[in-house]
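Q: Sharing a structure here in structure tokens format.
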Amino acid sequence: MNKYTKAGILLAMLLVPALFFLFLKGFGTNHFALPRYIPKIDSTTGQIVMTTTVVNGREVTDTVFQTIPDFELINQSGGKVNRASLSGKIHVADFFFARCPGICPKMSSQLRRVQDAFLNNPEVMILSYTVDPKNDTVAALQHYADQYGAKAGKWHLLTGEKSEIYNLAYYGYRVTAKEDDTTSINLEDQFVHTDKFVLVDKEGVIRGYYNGTDTEEVDKLIGEIKILLYEYRNSPDNKNI
């Protein structure tokens with residue numbers, strides 16, 4: 001095989017993927033979509049709840065998914081934040097406490113990256129729920145917000161009734177948040193909370209879980225928020241935009 005033939009084969013190998021990409025961009029359809037998590041279960045039958053709708057004249061049966069329940073908590077500015085505050089918003093949630101010496105600083109630093117990536121996009125919000133509301137007062141949360149550059153109205157650090165926060169973690173976001181050994185002098189032993197960031201869409205449905213201490217996982221989260229925003233911009237009825 002002479003060098004000209006080799007060069008031709010190499011050129012073809014480079015051109016074919018590029019031409020295929022251009023074809024898909026011009027004529028194809030983007031079928032990639034983020035999954036939905038936590039199907040809704042009928043409390044009487046134990047079965048997954050299904051719904052039937054009409055799409056383009058055809059009946060389509062699909063799963064009904066659980067949504068984040070209503071709540072009312074207080075942010076670092078002393079303002080009330082509830083489920084209605086999330087209307088028309090994609091949000092990222094995590095659980096932490098301000099005195100945490102372990103994973104919380106890493107997670108909050110990564111959330112700063114998420115905030116900065118969508119700083120000028122009002123459709124994206126961050127909610128950080130404290131698992132230590134007794135000590136995490138409004139003033140303590142404001143101090144913590146200042147440490148990590150949390151922007152008021154963009155990144156809410158939330159406190160309130162402990163039972164409400166723990167129930168929201170378990171029944172809403174389906175993650176761990178609880179008191180453990182409150183007698184321990186080691187703060188990390190006093191509270192147990194997830195290291196996961198939870199991505200939730202505008203309807204309140206969970207769309208992803210990500211390790212909040214892992215840079216690559218957070219890169220993935222940022223990318224998938226962009227995908228979710230693209231889905232909303234290009235939905236047939238442009239709902240909630």
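Q: Under a point spin-label approximation (7 Å from Cα along Cα-to-Cβ), what is the residue 135-residue 192 distance to one decimal in nm?
A: 1.9 nm
Q: Under 9 Å from the Cβ of residue 115, count the other residues' Cβ atoms, weight Lys and Arg +1, Asp and Glu -1, and hand me the total.
A: Neighbour charge sum, excluding residue 115 itself: +3.
Q: Okay, next question. So what's the gap between the Cα centers of region 125-140 and region 81-117, to the nearest angstrom?
A: Between the Cα centres of region 125-140 and region 81-117 lies a distance of 10 Å.
Q: Within 15 Å, Cβ to Cβ, of residue 78, how many net charges do the neighbouring residues add up to if Lys/Arg are +1 and Asp/Glu are -1?
A: Value of the local net charge: -2.
Q: Past the 18 Å Cα-Cα mark, which pairs from 154/178; 80/151; 196/220; 89/134; 151/220; 80/162?
A: Exceeds cut-off: 154/178; 89/134; 151/220.
Q: What whole-number volume per residue, in cubic angstrom, does the convex hull of the C-alpha atoms of region 72-233 give?
A: For region 72-233, the hull spanned by Cα atoms encloses 98 Å³ per residue.
Q: From the Cα gyration tensor of region 59-133, with a ≥ b ≥ c the square roots of its eigenvalues, which class applies: rounded if a/c is under 1.5, or else prolate if a/b is larger than b/c, or else oblate?
A: Note, shape of region 59-133 comes out prolate.
Computed from the coordinates by the stated procedures, all read-outs in this text should not be read as laboratory data. Computed from a predicted structure; not experimentally measured. Note: ideal-geometry Cβ built from the backbone for every residue, glycine included; neighbour counts use all protein chains shown.
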